[in-house]
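Reviewing the structure listed below.
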Amino acid sequence: MQPQETFFRSLSVLKKYEVNISFNAQNDLEHIFFYIAGDSINNAKEFILGLEEKIYTLDTLPERFALIPENIFFGTNYRQLIHQNYRVVYRIENNSVHILRVIHGTKLLDL
């Protein structure tokens, strides 16, 4: 078996997670959409679709992204996915990834 075949075969057996987007995260996405749409509806659609596509990649290897700095204050193990200027804050629980918030990268997480 070639090394490339072994690599792709190992990818096919990776654990899959269910990605759940919280009500707060849905609201965040809606606010981001309308903010960008104020300048361009097409840019808003493109941005949100790209962001959602990236969010749903968390169904495999969600541990690959960094822990958030705020964990020190909250005593949590939340992680973040970065998309352009935005942070997608999430937690991993059993076979699920829970998207908690989508916030601008300059903002600290407020629970």
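The values are calculated or read from the model by the stated rules, or taken from the named source; none is laboratory data. Bear in mind the structure is a predicted one, so any value in this text is a computation, not a measurement. Neighbour counts run over all protein chains shown; Cβ positions are idealised from the backbone, glycine included.
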Given the conditions (1) modelled with pLDDT of 95 or more; (2) in contact with a strand residue (DSSP E or B) (Cβ under 6 Å, 6 or more places away or on another chain), and given that Leu49 satisfies all but one, which numbered condition is not satisfied?
(2)
Of the residues Leu100, Leu51, which single one is touching a Leu at 6+ places or on another chain (Cβ under 9 Å), outside any strand (DSSP E or B) and under 13 Å from Leu29 (Cβ atoms)?
Leu51
Residue selected from the stretch 56-87 under the condition assigned to a strand (DSSP E or B) and over 17 Å from Glu18 (Cα atoms), by the criterion farthest from the chain's Cα centre (by Cα):
Leu67
What's the number of the only condition in (1) aromatic (Phe, Trp, Tyr); (2) assigned to a strand (DSSP E or B); (3) farther than 24 Å from Lys15 by Cβ that Tyr90 fails to meet?
(3)
